[in-house]
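Inspection log for the structure reproduced underneath, given as structure tokens.
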Amino acid sequence: MAGKTSKAAAKVGKAMAAEPTAAEPKLLSGGNPQIPKGDGEARVQAYIAAMPGWKSDLGRRLDALITRTVPGVCKAVKWNSPFYGIEGQGWFLGVHCFTKYVKVAFFRGTSLHPLPPGQSKQKDVRYLDICEDDEIDEAQLAAWVEQASRLPGERM
């Protein structure tokens, strides 16, 4: 039997070959990476690495800015989006890929000054949509992140 593959083993091998590997997550609508939910830096970095094209560079910039602005920030991926929060206080920010932009959601955005530009159907949420060629005011973005991190977070 040495060197032979059983039918069951061959079937499992084909099924595994058809599934995307950890290095190749499936992209959902709008190019949003499908990353298994979970806490920690590794999940968020996997999401950022899987963001298509220019969005991956933007994801790295956003993650670095948030990490610099809020030392010890907690990270997770939930609902195929990176979330940033404070231990024991909840999540203050989320990021999500769309076809032509990346959305930064401030969960208590109506308490930020000045208000982030994007309105939401949810009462407290405000958005910042970033397109490929947009200039990012990093000082303003850092100010919003810092303010948001001091507000009560969302429990999700």
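Given a 1.4 Å probe, how much area per residue of the chain is accessible, in Å²? If you can, show how the numbers build up before the last one.
Numbers: 9350 Å² over 156 residues.
So the chain comes to 60 Å² accessible per residue, rounded to a whole number.
Treating the angle as unsigned and between 0 and 90°, give the value, to the nearest 10°, between the Cα long axis of helix 41-50 and the longest Cα principal axis of the chain.
Once rounded, the angle reads 80 degrees.
For every helix of n ≥ 4 consecutive DSSP H residues, a contribution of -39,500 (n - 2.57) applies; sum these over the chain, divide by its total residues, and give [θ] at 222 nm rounded to the nearest 500 deg cm²/dmol. Numbers along the way, then the final one.
Working: 4 runs with 51 residues, N = 156.
For the chain, the value works out to -10500 deg cm²/dmol.
In whole percent, how big is the carbon plus sulfur part of the accessible area of region 31-150, probe 1.4 Å, protein atoms only? Intermediate results must be reported in sequence, preceding the final value.
Working: 3130 of 6070 Å².
Ligands and nucleic acids excluded, carbon and sulfur give 52 percent.
Among Phe83, Ala46, Pro36, whose Cα projects farthest towards the positive end of the dipole of region 30-156, with charges put on the beta-carbon of Lys, Arg (+1) and Asp, Glu (-1)?
Pro36
Only Lys, Arg, Asp and Glu count, each charged at its Cβ (+1, +1, -1, -1), so figure out the dipole size of region 31-150 about its Cα centre, rounded to 20 debye. Intermediate results must be reported in sequence, preceding the final value.
Details: 15 positive and 14 negative charges, 102 e Å.
Here region 31-150 has a charge dipole of around 480 debye.
Using a 1.4 Å probe, how large is the accessible area of Ser120, given in Å² and rounded to the nearest 10?
It works out to around 30 Å².
Using only the alpha-carbon atoms, how far is helix 54-69 inclined from the longest principal axis of the chain? Give it as 0 to 90 degrees, nearest 10.
50
Report the Rg/Rh value for the chain, based on alpha-carbon coordinates and the Kirkwood definition of Rh.
Details: Rg = 18.7 Å, Rh = 16.9 Å.
On the Cα set of the chain, Rg over Rh gives 1.11.
Sequence gap at least 6, Cα distance under 8 Å: using those rules, report the relative contact order of region 35-156 to the nearest whole percent.
On the way: 215 pairs, mean separation 28.3, N = 122.
Normalised by residue count, the contact order of region 35-156 is 23 percent.
Are there chymotrypsin sites (Phe, Trp or Tyr not before Pro) in region 23-105 that DSSP marks as loop and that have at most 11 other Cβ atoms within 10 Å, and which are they? Intermediate values should be presented prior to the final figure.
On the way: sites: Tyr47, Trp54, Trp79, Phe83, Tyr84, Trp91, Phe92, Phe98, Tyr101; in loops: Trp79, Phe98.
Here the sparse-neighbourhood loop sites are Trp79.
The values are calculated or read from the model by the stated rules, or taken from the named source; none is laboratory data. Note that the coordinates shown come from a computational prediction; the quantities given were computed from them, not determined experimentally. Don't worry about glycine lacking a Cβ; one is built from the backbone with ideal geometry, like all the others, and counts go over all protein chains shown. Side chains are part of the model used for accessible areas, which takes the heavy atoms of the whole protein and leaves out ligands, DNA and RNA. Shrake-Rupley method; radii C 1.70, N 1.55, O 1.52, S 1.80 Å.
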